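Working notes, structure below.
The values are calculated or read from the model by the stated rules, or taken from the named source; none is laboratory data. The structure presented is a predicted model; accordingly, all values stated were derived computationally and were not measured. Virtual Cβ from ideal backbone geometry, glycine too; neighbours counted across all protein chains shown. Side chains included, ligands, DNA and RNA excluded: accessible areas come from the protein's heavy atoms. Shrake-Rupley method; radii C 1.70, N 1.55, O 1.52, S 1.80 Å.
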Amino acid sequence: MIGPGEQGKLESFNLPTYGPSVDEVKEIVTKSHMFELDHIKLFEANWDPYDDSEGDVVLDGANSSLNISNLIRSVLESLIASHFGGNILDALFQEFRSLVAQHLKREKTKFALIVMSLKKIY
């Protein structure tokens with residue numbers, strides 16, 4: 001539940017994200033004139049950083065949802081705490097873990113990683 005005066009905080013919170021394509025990354029590196037792109041490759045990684053299985057089945061949804069929630073919390077905790085206050089963090093990430101667990105019952109989700117090797121241009 002959102003308390004009085006909290007609606008403005010919620011509405012003002014913005015966390016834009018953007019996942020560039022491999023071609024966009026290549027273009028940026030080329031335009032910088034600072035590096036030569038030696039190698040670039042797109043990988044998929046499981047949401048759960050401890051799940052290195054190749055299949056599309058989540059073997060332990062409860063543990064995976066905890067791992068994913070902890071990973072996201074480690075990235076966003078200070079940002080969320082500075083905007084909303086630290087007192088909401090435990091409840092927020094418990095709810096997030098629950099939602100992730102429900103999602104993992106339907107499908108195993110992956111995210112894209114672009115890995116590149118650059119050589120500095122002198």
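Regarding the range 54-64, can at least one residue be identified that is surrounded by 15 or more Cβ atoms within 10 Å (Cβ to Cβ), closer than 30 Å to Gln7 by Cα and modelled with pLDDT of 95 or more?
No: the range 54-64 contains no residue that is surrounded by 15 or more Cβ atoms within 10 Å (Cβ to Cβ), closer than 30 Å to Gln7 by Cα and modelled with pLDDT of 95 or more.
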Item to complete: Give me the pairs, please: first residue somewhere in the range 89-114 and under 11 Å from Ile68 (Cα atoms) and open to solvent by less than 50 Å² (accessible area, probe 1.4 Å), second residue anywhere and of a type in the set (Ser, Thr, Tyr) and at pLDDT 95 or above, beta-carbon distance under 7 Å, and either six or more positions apart or on two chains.
Response: Phe93/Ser69; Val100/Ser65; Val100/Ser69; Ala101/Ser65; Leu104/Ser64; Leu104/Ser65
Worksheet item: When you look at Val115, is it out of contact with any Gly (no Cβ under 7 Å at 6 or more places or on another chain), among the β-branched types (Val, Ile, Thr) and modelled with pLDDT of 95 or more, yes or no?
Response: yes
Discussion item. Of all residues being of a type in the set (D, E, K, R) and open to solvent by 80 Å² or more (accessible area, probe 1.4 Å) in the range 39-53, which is modelled with the highest pLDDT? Just the residue, please.
Written reply: Lys41
Response to the item:
Among residues of the range 22-38 being within 21 Å of the chain's Cα centre (by Cα) and closer than 14 Å to Val115 by Cβ, the residue surrounded by the fewest Cβ atoms within 10 Å (Cβ to Cβ) is Val22
Worksheet item: In the range 78-95, is there at least one residue being under 16 Å from the mean Cα position of the chain (by Cα) and within 30 Å of Leu118 (Cβ to Cβ)?
Response: yes
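Restricting the search to the range 55-70, which residues are within 12 Å of the chain's Cα centre (by Cα) and touching a residue at least 24 places away in the same chain (Cβ under 8 Å)?
Of everything in the range 55-70, those that are within 12 Å of the chain's Cα centre (by Cα) and touching a residue at least 24 places away in the same chain (Cβ under 8 Å) turn out to be Ile68, Ser69.
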Practice prompt. Identify all residues within the range 7-21 that are over 23 Å from Ala112 (Cα atoms) and surrounded by fewer than 10 Cβ atoms within 10 Å (Cβ to Cβ); write none if there are none.
Written response: Gly8, Glu11, Ser12
